[in-house]
Amino acid sequence: MLNGYAGTILEVDLTRGAVRKEPLPEKLAREWIGGRGFVAKTLWDRVPAGADPLGPDNIVVVAAGPLTGAPSLGAGRVHFGAKSPATGGYGDANMGGHFGPELKQAGYDMIVVTGRSDEPKYLFIDDDRVELRDASHLWGLGTMKAEETLKKELGEEFQVATIGPAGEKLVNYACVSHDFGRQAGRTGIGAVLGSKKLKAFAVRGTKTIPLADPAAVWAKGQEMYRAVFDNPGMAQWTPEGTAGVVNWANEVGAFPTRNFSSSYFTEHEEINGHALIEKLKPISKGCQGCPTPCGKYSTAKSRLGEAPVEGPEYETVALLGGNLGLDHIEEVAYLNHVIDDLGLDTISTGAVVGFAMECYQKGLLSKEEVGRELAFGDAEAALWLIRKIAAREGIGDLLAHGVKKAGEEFGPIAQAIAPHVKGLELSGYEFRNAPAMMLAYATCDIGAHHNRAWAITYDVQVGQDKVEGKAQKVIELQHVRPIFDHLGVCRLQWVEIGFDYNHYSALLKPVVGRDYTWDDLMAVSEKVWNLNRCFNVREIPGFGRSWDYPPARTWQDPVPDGPAKGKFIPRERVETLLDDYYRLRGWSADGLPTRRKLEALGLGEVAAALADRLPG
Amino acid sequence: MKIGLREDRCSGCLVCQTACSLSLFKELNPKKSAIVIEPRFPTPGNYAVHACDQCGECATACPVGCIEKGDDGVYRIDAESCTGCLVCVEACPQKVMRVHSSREVPIKCTLCGDCIRYCPRSAIYDVDGDIAEKRWY
Ligand code: SF4
Ligand code: SF4
């Protein structure tokens, strides 16, 4: 028995309609830890090179970690992965709530979904009983209704993860939704599930998760909770959750505003954490094990409509608020509900709508092409466009591919302002005054996502103009932060309230019965980072340095107003940052891992498989 | 010690259940706990918390009289004499006498206090104040 793990992998073959159970290999657990490590290794091993992301050869991996479900802060996290339809490369997304712990209690660390079904299905898991069931009654339903329906049919104890209509329609940034407001948001995993006709997972688990030393686990767990209760950051951070970051992002000139054309939103106090609490009066709702619940759940009432919503959290406020020029928190919250219910990622959706608005403003997109007028600050236009995207009607069909493809259609001026890297839309930090953050976005394995390295705090700490030393810090963060995704826990207690990360490695020991230092975990994280880079080399034709550039606006247009007024990152500095980064990573100047580096990381087989693509 | 509830503070973290199973059984299994957290979503959009207040209805209902009140005011099941009839489970007004497939005897709160100690939100607290209140935020 592998302590800390449920011990079984569920293999779901949709083409044959068959489910198989396989023991979790000890080697996989020891060398790749769990969660993101399992996802990365499995995608590399199992996705056939060149597979169509929306074809039957792609796979979807759902993986918990050894601390998922443990008495640890934020132990509700679970990792999803697939070859991304947005980037054509490595895709993953992390989700909170209660799904991961439930999956482990049912006896499974990982689900691997392969093939494609002809008819809509959902995966039913009730401890040992696992079935692919008909989902024709769920197909077409919004995520809220689908989850509610399954819970009514099966029982409240079932934890449900589902796609919405946007996933069914293969929108490139469709997500997976759970717990009426938690998402595996990025990289279009909802579309991959939609292409396979797998609408949902419903799981109930009643088993005990085996632990190497239960008494020591509980003693360590108690210590963690006591330490966090004494942490002064709790009081500062918990009431507003991530939306509390809105003011700071404006103060440092990093708040996405009107399609990232500016980094300061004059009306930000109308949509900040304080406004959220005052106007929406939410309850706090969190993931399993969480002492600092960041979910703020309420009913959003505005002239657009009225609906229950969890959020908006920071990213959503940024991308639907400042980025669309909306200054009513209730409208932002209502759009948040609509996007969640359609099963779209709020980040990419906000970026796509903002991009369309600026293209319209610049005359790159006409009223005839769109079907109506578009303008920043027009919440009705945003709502209209979001529905078009999910239904793939008219202009929505093109926009459903994301800003990269749309920019290619609209021409070079549009391309320069299309907010993405590698085809994944930018999340909530405008970076012309934050070079480390720019580099973090440029080099992130899944495309322009912030959470592998939230380096902007470092920019603010050491100087927002400086480039020296930034690459080193980005690399360090790219190793630290994903460790939480390997373990199956939340990183926010460490990020936001400064909780000591050594607690997690210390807890891991009595859970799995083996010593891991934080440095051991860092080594696994570096290995995974390099493996994912290789996945991109294998899957994206011509992959290398040219795929790491941010939008040309970065060096073409100075920030027009706000604290970062006049700032931009000259092209030479972008090159310097990339040069530093590749050198420190042991990669070539074209951004390719060397075979030597891979061998040193224990990835000799990967080096051999890509021998003709990688430098020695 | 007496359990009090502030349901509007509950965030659904299940730390109480996790603590309960580790305390009662030295097992990591929120399903083996004497607390029920009832999520009510999408509407009204909150959690109901059910915990044992040692009301003793279970003891009254037990046909073989195997649930007795101790000097500390806590009702405990004598596992030796329990027949597993589960009449007490039906009788519990809070629905927190729980059954689990691994056990014949129902799960009953022993008022160990760990749910109170580790509920991060003070949604479960000690009315008597024997366990100090955590800070609110
Ligand atoms: S901080 Fe938020 S994301 Fe993290 S565990 Fe708590 S509720 Fe979940
Ligand atoms: S520990 Fe407290 S906040 Fe968490 S589920 Fe239990 S009662 Fe609710």
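The values are calculated or read from the model by the stated rules, or taken from the named source; none is laboratory data. Predicted, not measured: the structure shown is a model, and the values here were computed from it. Cβ atoms come from the backbone with ideal geometry, glycine included; neighbour counts cover every protein chain shown. To get the accessible areas, we keep the full protein, side chains included, count just its heavy atoms, and leave off ligands, DNA and RNA. Shrake-Rupley method; radii C 1.70, N 1.55, O 1.52, S 1.80 Å.
Inspection of the range A:373-380 identifies at least one residue that is in contact with a helix residue (DSSP H, G or I) (Cβ under 7 Å, 6 or more places away or on another chain), closer than 21 Å to A:D341 by Cα and of a type in the set (A, V, I, L, M).
Please verify whether A:L170 is touching a helix residue (DSSP H, G or I) at 6+ places or on another chain (Cβ under 9 Å), in the same structural domain as A:A146 (by TED's automatic domain parsing) and surrounded by fewer than 24 Cβ atoms within 10 Å (Cβ to Cβ), treating the condition exactly as stated. Don't jump to the end; show me each part of the working.
On the way: touching a helix residue (DSSP H, G or I) at 6+ places or on another chain (Cβ under 9 Å): yes; in the same structural domain as A:A146 (by TED's automatic domain parsing): yes; surrounded by fewer than 24 Cβ atoms within 10 Å (Cβ to Cβ): yes.
Judged against the criteria, A:L170 is a match.
Select from the range B:88-101 the residues that are more than 16 Å from ligand 2 (Cβ to nearest atom) and open to solvent by 60 Å² or more (accessible area, probe 1.4 Å) and list them in ascending order.
The first filter runs over the range B:88-101 and keeps only residues more than 16 Å from ligand 2 (Cβ to nearest atom), leaving B:88-93, B:97, B:99-101.
If the condition is that a residue be more than 16 Å from ligand 2 (Cβ to nearest atom) and open to solvent by 60 Å² or more (accessible area, probe 1.4 Å), then B:E90, B:P93, B:V99, B:S101 are the ones that fit.
Of the conditions (1) under 27 Å from A:P291 (Cβ atoms); (2) away from every other protein chain (no Cβ under 12 Å), B:E7 clears all except one; give me its number. Condition not satisfied by B:E7: (2). Checking each residue in the range A:294-330 for being more than 29 Å from A:G423 (Cβ to Cβ) and either of a type in the set (S, T, N, Q) or more than 14 Å from chain B (Cβ to nearest Cβ) (or both) picks out A:S298, A:T299, A:S302, A:R303, A:L304, A:G305, A:D327, A:H328, A:I329, A:E330.
The condition of being open to solvent by less than 10 Å² (accessible area, probe 1.4 Å), over 19 Å from the mean Cα position of the chain (by Cα) and more than 21 Å from A:S348 (Cα to Cα) holds for only one of A:T266, A:T292, that being A:T292. Of the helices (runs of 4 or more DSSP H) lying entirely inside the range A:19-136, those carrying at least 2 residues that are within 16 Å of ligand 1 (Cβ to nearest atom), closer than 30 Å to A:W218 by Cβ and open to solvent by less than 10 Å² (accessible area, probe 1.4 Å) are A:35-46, A:99-106.
Of all residues being away from every other protein chain (no Cβ under 14 Å) and in a loop (DSSP other than H, G, I, E, B) in the range B:120-137, which is nearest to B:G12 (Cα to Cα)? Just the residue, please.
Initially, the range B:120-137 is screened for residues away from every other protein chain (no Cβ under 14 Å), giving B:126-130.
When the remaining residues are screened for being in a loop (DSSP other than H, G, I, E, B), the result is B:127-130.
Numbers: B:V127: 21, B:D128: 24, B:G129: 23, B:D130: 25 Å.
The extreme case among them is B:V127.
Assess whether A:V246 counts as being away from ligand 2 (no atom under 16 Å from the Cβ) and away from every other protein chain (no Cβ under 14 Å). Taking the combined requirement at face value, the residue satisfies it. Across the range A:316-340, the qualifying residues are those that are open to solvent by less than 10 Å² (accessible area, probe 1.4 Å) and more than 22 Å from A:P165 (Cα to Cα), and the one among them that is nearest to ligand 1 (Cβ to nearest atom) is A:V317. Among the candidates B:R9, B:R40, the residue that is near ligand 2 (Cβ under 8 Å from one of its atoms), surrounded by fewer than 24 Cβ atoms within 10 Å (Cβ to Cβ) and closer than 30 Å to A:P66 by Cα is uniquely B:R9. Looking for whichever is part of a helix (DSSP H, G or I) and away from ligand 2 (no atom under 16 Å from the Cβ) here; the options are A:L326, A:L320. Which one fits? Checking each option against the conditions leaves just A:L320. Annotation note: Cβ proximity below 9 Å between a residue of the range A:236-259 that is among the acidic types (D, E) and a residue that is more than 16 Å from ligand 2 (Cβ to nearest atom) (sequence gap 6+ or interchain) occurs for A:E240/A:V246; A:E240/A:N272; A:E240/A:G273; A:E240/A:H274; A:E240/A:L276; A:E240/A:I277; A:E251/A:Y264; A:E251/A:P563.
Among the residues of the range B:47-67, is there at least one that is away from ligand 1 (no atom under 16 Å from the Cβ), facing another protein chain (nearest Cβ under 8 Å) and open to solvent by less than 50 Å² (accessible area, probe 1.4 Å)? Walk me through it before giving the result.
Taking the range B:47-67 and keeping what is away from ligand 1 (no atom under 16 Å from the Cβ), we get B:48-67.
Add one more test, that the residue is facing another protein chain (nearest Cβ under 8 Å), and what stays is none.
The answer is no, given that none of the residues of the range B:47-67 is away from ligand 1 (no atom under 16 Å from the Cβ), facing another protein chain (nearest Cβ under 8 Å) and open to solvent by less than 50 Å² (accessible area, probe 1.4 Å).
Within this structure, A:K301 fails the test of being among the basic types (K, R) and either part of a loop (DSSP other than H, G, I, E, B) or crowded, with 24+ Cβ neighbours inside 10 Å (or both).
Looking only at the range B:97-121, residues that are closer than 24 Å to A:S72 by Cβ and in contact with a strand residue (DSSP E or B) (Cβ under 6 Å, 6 or more places away or on another chain) come to 4 in all.
Checking the structure you have, find out if any residue of the range A:47-64 is within 14 Å of another protein chain (Cβ to nearest Cβ), under 21 Å from A:W32 (Cα atoms) and either in contact with a helix residue (DSSP H, G or I) (Cβ under 6 Å, 6 or more places away or on another chain) or not polar (S, T, N, Q) (or both). Talk me through it step by step, then tell me what you get.
Initial filter on the range A:47-64 (within 14 Å of another protein chain (Cβ to nearest Cβ)): A:64.
Of the ones still in play, those that are also under 21 Å from A:W32 (Cα atoms) are A:64.
Going one step further and asking which of them are either in contact with a helix residue (DSSP H, G or I) (Cβ under 6 Å, 6 or more places away or on another chain) or not polar (S, T, N, Q) (or both), we end up with A:64.
Looking through the range A:47-64, at least one residue is within 14 Å of another protein chain (Cβ to nearest Cβ), under 21 Å from A:W32 (Cα atoms) and either in contact with a helix residue (DSSP H, G or I) (Cβ under 6 Å, 6 or more places away or on another chain) or not polar (S, T, N, Q) (or both).
Checked against (1) more than 25 Å from the chain's Cα centre (by Cα); (2) assigned to a helix (DSSP H, G or I); (3) more than 16 Å from ligand 2 (Cβ to nearest atom), A:Q222 passes all but a single condition, namely (3).
Exactly one residue out of A:M438, A:M522 is more than 16 Å from ligand 1 (Cβ to nearest atom), aliphatic (A, V, I, L, M) and open to solvent by 10 Å² or more (accessible area, probe 1.4 Å), and it is A:M522. Being among the aliphatic types (A, V, I, L, M), within 18 Å of B:K32 (Cβ to Cβ) and within 16 Å of ligand 2 (Cβ to nearest atom) holds for only one residue in B:I131, B:I124, and it is B:I124.
Considering only the range A:222-231, I want to know if a residue exists there that is without any contact (Cβ under 8 Å) to a residue 40 or more places away in the chain and open to solvent by 30 Å² or more (accessible area, probe 1.4 Å).
Going residue by residue through the range A:222-231, those that are without any contact (Cβ under 8 Å) to a residue 40 or more places away in the chain are A:226, A:230.
Narrowing further to those that are open to solvent by 30 Å² or more (accessible area, probe 1.4 Å): A:226, A:230.
Scanning the range A:222-231 turns up at least one residue that is without any contact (Cβ under 8 Å) to a residue 40 or more places away in the chain and open to solvent by 30 Å² or more (accessible area, probe 1.4 Å).
Look through the range B:102-131, keep the residues that are open to solvent by 10 Å² or more (accessible area, probe 1.4 Å) and out of contact with any Lys or Arg (no Cβ under 9 Å at 6 or more places or on another chain), and return whichever of them is farthest from ligand 1 (Cβ to nearest atom). Only one residue tops the list, namely B:E104.
Checking A:V171, A:V160, A:V192 one by one, the residue that is within 13 Å of chain B (Cβ to nearest Cβ) and more than 16 Å from ligand 1 (Cβ to nearest atom) is A:V160 and no other.
Taking the range B:13-25 as the range and being within 15 Å of the chain's Cα centre (by Cα) and at the interface with chain A (Cβ under 9 Å from one of its Cβ atoms) as the test, the residues that pass are B:L14, B:V15, B:T18, B:A19, B:S21, B:L22, B:S23, B:F25.
Going by what's in this entry, would B:T18 be described as of a type in the set (S, T, Y) and farther than 22 Å from A:R226 by Cα? Against the criterion (of a type in the set (S, T, Y) and farther than 22 Å from A:R226 by Cα), B:T18 does not qualify. Scanning the range A:468-494 for residues that are open to solvent by 10 Å² or more (accessible area, probe 1.4 Å) and more than 16 Å from ligand 1 (Cβ to nearest atom) returns A:E468, A:G469, A:Q472, A:K473, A:I475, A:E476, A:L477, A:H479. Scan the range B:26-36 for residues that are surrounded by fewer than 21 Cβ atoms within 10 Å (Cβ to Cβ) and more than 8 Å from chain A (Cβ to nearest Cβ) and the total you get is 1.
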